[in-house]
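Scroll down for the structure; my scribbles are underneath it.
The values are calculated or read from the model by the stated rules, or taken from the named source; none is laboratory data. If you're wondering where the values come from, they're calculated on a predicted model, not measured in any experiment. Cβ placement follows ideal geometry from the backbone for every residue including glycine, while neighbour counts extend to all protein chains displayed.
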Amino acid sequence: MKRIYFDHSATTPVDPEVATLMLEYMTDKFGNPSSIHSFGREVKKAVDQARQSVADLIGANPNEIFFTSGGTEADNLALKGVAYANRKKGNHIITTAIEHHAILHTCEYLEKQGFSITYLPVDENAMVRLEDVKNAITDQTILISVMFANNEVGTIQPIKEIGQLAREKGIYFHTDAVQAVGNYPIDVNEYNVDLLTLSAHKFHGPKGIGALYVRRGVRLEAQQQGGGQERSIRPGTENTPGIIGLGKAAEIAKRDMNTKIAQVARLRDKLIAGIEAKIPHIKLNGHRTMRAPGNVNFSFLYVEGESLLLNLDLKGIAASSGSACTSGSLDPSHVLLAMGLTHEVAHGSLRISLGRGNTEEEIDYCLEVLPGIIEKLRSMSPLYGT
Amino acid sequence: MKRIYFDHSATTPVDPEVATLMLEYMTDKFGNPSSIHSFGREVKKAVDQARQSVADLIGANPNEIFFTSGGTEADNLALKGVAYANRKKGNHIITTAIEHHAILHTCEYLEKQGFSITYLPVDENAMVRLEDVKNAITDQTILISVMFANNEVGTIQPIKEIGQLAREKGIYFHTDAVQAVGNYPIDVNEYNVDLLTLSAHKFHGPKGIGALYVRRGVRLEAQQQGGGQERSIRPGTENTPGIIGLGKAAEIAKRDMNTKIAQVARLRDKLIAGIEAKIPHIKLNGHRTMRAPGNVNFSFLYVEGESLLLNLDLKGIAASSGSACTSGSLDPSHVLLAMGLTHEVAHGSLRISLGRGNTEEEIDYCLEVLPGIIEKLRSMSPLYGT
Amino acid sequence: MYTEKVMDHFTNPRNVGEIKNADGIGEVGNAKCGDIMRIYLKVENDIIEDVKFKTFGCGAAIATSSMVTEMVKGKTLSEALQISNQAVAEALDGLPPAKMHCSNLAADALHEAIKDYIQKRGK
Amino acid sequence: MYTEKVMDHFTNPRNVGEIKNADGIGEVGNAKCGDIMRIYLKVENDIIEDVKFKTFGCGAAIATSSMVTEMVKGKTLSEALQISNQAVAEALDGLPPAKMHCSNLAADALHEAIKDYIQKRGK
Ligand SMILES: Cc1ncc(COP(=O)(O)O)c(C=O)c1O
Ligand SMILES: Cc1ncc(COP(=O)(O)O)c(C=O)c1O
Ligand code: FES
Ligand code: FES
């Protein structure tokens, strides 16, 4: 059976060009970039080049890029690093209720360390209100962290405006842009961002590598100690194939950005329109226009998400859900709940996240099988009026 | 020019079989192991298999293995994780003066957090004395951390005995076995180890992946927050190609352990004997018998390490040094100083670390060019009596 | 993650539907994850002649519902009352640890339906 | 990490050695990293007729030593005194940032040697 991958927000395949390059830096140019001999120097050069490519993707300077093991570590470093380094200035951090767990659970950890966190609510489209940000600021506020694009419902936040507000108040502004970087044009200066998290595996780079952008002058404390790598902000032998793979992925993403967005958004819009035309009792989750190019998220009333996923999987379609049954936790997606959805409606959510490899035929096939699956599950549901 | 790689303690080339497998899990089986669809499940299975292989290499149980981004992170997690989780029991940690910076700088960090650290001295062979360990223990001691094999001079510590001592006193025992795992037979039960750090890139696995072994029952606090991966001890999307590559490298290391050790140690002994026969005014650093199979470390009096390395590099030989000039810091190797070497002698150190790919011819070539280089540098040295 | 048997019962669930004028109906909701399962019984001479279910829940919830209906059809009420959650899970060759609480639904719903039948008959 | 010029002077250092009965000898030690550099001068009519060096130090230390001897040979003493550490580094097309302190050695050693010559002559 042909398999269709509709889960690009979870992870993406590594670009073959990226993988081939990485292979070269594993078996052949395998040196440690800290070594002064030729094996080390040839890799050091490639690492520098990769840092430049990553910087170029977001309009930064290469010495503002610090490589980490992924988005989660970069989020941890941003929040804890700023919190501990600026404790004397204040102990208040503002974030939102719909952040990724890498932010939320780090904030909960910081609460235990004596920091005070405001979790901003969102509107029914998962959008943060500028007014709420403004009102949350106190003279203790040292950091505002708002994600760029939400990983579940795709809503793109008013980052530029929040960044401007933060700057006016002299507060650092971090954005978790894991879902956006490589898939959406970002410029740290245009968006008034002081710290930014990115992760390679969300845009056809390898897993296990990411970066934190840190604007020159931002006070940040390292969260790991060791050798002096990454200017001691993030020590440990560099994951050179990962870094070089990330660099190449950044280069490709920048080059293909516009065509890719156009292509993916067209498929997204077709899928949304198709589902809305074919299936009753549904709800589009997330903002209709301020939306990540590849994100489709619906709640199908009277249907439970995991059953839906498994049925799609049996038809060869890989997608995702915010259902409690999928998450392993006991509550459905905190994002959907924060948007005001009831447990039942949140339970029946389906996320289809498209990527550059998806085709019109795949959308057609999905529109062909989805209504039948929904109908079948509804016919089994005690909630669905007979 | 043919290049000779004599720097296996810095890093090793990835085994082609490992690299090929990783490639498959980058471009083809690229799913996120947390996903419930087929793309996720096929990777989850391979990750489980890799965890088993790593466990097998050190005689552990798979659920005692936690993957990290490398040795540095695993060292940080071990020390901080045990320190914070057991703070109520005590605030004293024992380590040695010759640990890697991933341990030493983490200890310095913990000192700032109110922990008290004892840095045990070593003898002239870089060996820790059991008596010193015993005497350092107080009723506040919660952790002893002693490296397995030293990365500079190769000395192998009396791990089993220290482990036994720790166990009798009810103190957790961690060993940084980054240089040993995969290159030396280790069994966590035989060696009485409670926590153990390993890193893939030191035994022909990829960079950017390592693991912490944590004996069941050890209280450890996560040092990173996020999704629930690695049973919440180390969250973040799994570096699946890295994990699977580490698993394969572990499998190969276990299979070839004995033949590899025999082969490498023979070359090592030949090189040591050759240098001692051919070059005057030298000093073998490290223990003569309790020594990592691939480690050769000499001080060449009246010679500075970086100049020596560069000259070797010009002849195609890649090695390493504990010279201050190489390290970028202002002091020569803390390991050599802890062994009682003077600044000048430490300055002239050369580490040649052999691996399974090295040959007899390479040793011969090295023995051919090294005396000339030493002679040339000495003739330039104002310290060398004319 | 699921066994073949779970996937079989999930893909082709047995006895889905309602029984008009059922002799007993049992419904349980899993407060933890918000799922609901309803079981309908047709009883004759203390024997379960027919059983159907409707479930809003995950793969495990559907498979356990289906499995429990298969297990009790033709059984006496007292035999049916002895079927435990554990037994249903075992009949499916096990469930993932995180899902073990789901298997509670199926036996509980069955027992509720039997209780309902007994109460109704008692009147 | 090093420029071609540095590597050239490192690989083929100019003017290595000692001058017997030198007119001036300058020695500086780099307290920071433990390196030592010694410069020997032969002076005639305030002109540096010959210059040699011995250095215990890294690639940059050797290259700067070599470069400074080339730069001053045939120069007057006052010309030589104007050669700065910065100038030596620039003549080598630059040094890695971490190594900039090494280039201090070379000009300093030269100036010490000149001072030594002046003092000796003064007697
Ligand atoms: C918005 C967001 N932040 C952070 C992360 C964590 O990044 P990583 O998977 O690289 O640890 C993810 C993805 O899992 C994400 O979608
Ligand atoms: C003894 C020792 N510990 C820790 C490390 C750090 O491991 P990694 O390079 O994987 O961060 C190394 C190697 O650099 C090492 O040799
Ligand atoms: S019904 Fe929710 S986890 Fe099974
Ligand atoms: S002489 Fe030591 S760094 Fe140059």
task = Being part of a helix (DSSP H, G or I) and under 23 Å from the mean Cα position of the chain (by Cα) is the filter; apply it to the range B:327-362 and report the residue that is farthest from the other protein chains (Cβ to nearest Cβ).
result = B:A338
note = Of B:G355, B:G322, the only residue that is within 16 Å of ligand 2 (Cβ to nearest atom), crowded, with 18+ Cβ neighbours inside 10 Å and within 23 Å of B:M380 (Cα to Cα) is B:G322
query = Hey, A:S307 hits all of (1) of a type in the set (S, T, Y); (2) within 23 Å of the chain's Cα centre (by Cα); (3) outside any loop (DSSP other than H, G, I, E, B) but one; which does it fall short on?
reply = (2)
remark   = If we keep only residues of the range A:363-386 that are touching a helix residue (DSSP H, G or I) at 6+ places or on another chain (Cβ under 6 Å) and within 11 Å of another protein chain (Cβ to nearest Cβ), then the residue nearest to A:V296 (Cα to Cα) is A:L377
message = Are there helices (runs of 4 or more DSSP H) fully within the range A:8-96 with at least 3 residues that are without any contact (Cβ under 8 Å) to a residue 24 or more places away in the chain and touching a Lys or Arg at 6+ places or on another chain (Cβ under 9 Å)? List them.
response = A:38-58
message = Exactly one condition in (1) within 16 Å of ligand 1 (Cβ to nearest atom); (2) part of a strand (DSSP E or B) is false for B:Q223; which is it?
response = (2)
note = If we keep only residues of the range B:82-107 that are over 23 Å from B:A149 (Cβ atoms) and within 14 Å of another protein chain (Cβ to nearest Cβ), then the residue farthest from the chain's Cα centre (by Cα) is B:R87
message = Condition first: buried (at least 20 other Cβ atoms within 10 Å of the Cβ), closer than 30 Å to A:G71 by Cβ, within 14 Å of chain A (Cβ to nearest Cβ) and within 16 Å of ligand 2 (Cβ to nearest atom). Can you find one or more residues in the range B:249-257 that meet it?
response = yes
query = So which of A:L143, A:L130, A:L110, A:L120 is more than 16 Å from ligand 4 (Cβ to nearest atom) and within 14 Å of another protein chain (Cβ to nearest Cβ)?
reply = A:L110
message = Step by step: first the residues of the range D:19-37, then only those that are in contact with a Phe, Trp or Tyr (Cβ under 6 Å, 6 or more places away or on another chain) and more than 7 Å from chain B (Cβ to nearest Cβ), then the one that is farthest from ligand 4 (Cβ to nearest atom). Which residue is that?
response = D:D23
query = Within the range A:97-123, which residues are part of a helix (DSSP H, G or I) and among the hydroxyl-bearing types (S, T, Y)?
reply = A:T106, A:Y109
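Rundown of residues vs (1) within 30 Å of B:Q179 (Cβ to Cβ); (2) of a type outside the set (V, I, T); (3) more than 8 Å from chain A (Cβ to nearest Cβ), yes/no style:
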| position | (1), (2), (3) |
| --- | --- |
| B:D7 | yes, yes, no |
| B:E17 | yes, yes, yes |
| B:M22 | yes, yes, no |
| B:K29 | no, yes, yes |
| B:F39 | no, yes, no |
ask   = Considering the range B:314-347 alone, what residues qualify as being within 16 Å of ligand 4 (Cβ to nearest atom) and over 28 Å from B:R129 (Cβ atoms)?
value = B:C325, B:T326, B:G328, B:L330
key: Every residue from the range D:19-47 that is under 20 Å from B:M380 (Cβ atoms) and out of contact with any helix residue (DSSP H, G or I) (no Cβ under 6 Å at 6 or more places or on another chain)   = D:I19, D:K20, D:A22, D:E27, D:G29, D:I36, D:R38, D:Y40, D:K42
ask   = Of all residues in the range B:229-247, which are without any contact (Cβ under 8 Å) to a residue 40 or more places away in the chain and either under 19 Å from B:K29 (Cα atoms) or in a loop (DSSP other than H, G, I, E, B) (or both)?
value = B:P235, B:G236
note = Quick count over the range A:216-229, residues being surrounded by fewer than 20 Cβ atoms within 10 Å (Cβ to Cβ), modelled with pLDDT of 95 or more and either out of contact with any Lys or Arg (no Cβ under 8 Å at 6 or more places or on another chain) or of a type in the set (S, T, N, Q) (or both), is 4
query = Does the range B:278-299 include one or more residues that are under 21 Å from B:A346 (Cα atoms) and in a helix (DSSP H, G or I)?
reply = yes
message = Suppose the filter is at pLDDT 95 or above, within 13 Å of another protein chain (Cβ to nearest Cβ) and either more than 16 Å from ligand 1 (Cβ to nearest atom) or on the phi > 0 side of the Ramachandran plot (or both); does B:L79 pass it?
response = yes
Residue identified as in contact with a Lys or Arg (Cβ under 9 Å, 6 or more places away or on another chain), within 14 Å of chain B (Cβ to nearest Cβ) and more than 16 Å from ligand 4 (Cβ to nearest atom) among D:A60, D:A91, D:A113, D:A109 = D:A113
query = Taking C:L41, is it crowded, with 20+ Cβ neighbours inside 10 Å, in contact with a strand residue (DSSP E or B) (Cβ under 6 Å, 6 or more places away or on another chain) and either among the charged types (D, E, K, R) or away from chain A (no Cβ under 11 Å) (or both)?
reply = yes
inquiry  = Can you tell me which residue is nearest to ligand 1 (Cβ to nearest atom) among those in the range C:56-82 that are in contact with a strand residue (DSSP E or B) (Cβ under 9 Å, 6 or more places away or on another chain) and of a type in the set (S, T, N, Q)?
reply    = C:T64
query = For residues in the range D:1-18 being of a type in the set (V, I, T) and within 11 Å of chain B (Cβ to nearest Cβ), which is nearest to A:K45 (Cα to Cα)?
reply = D:V6
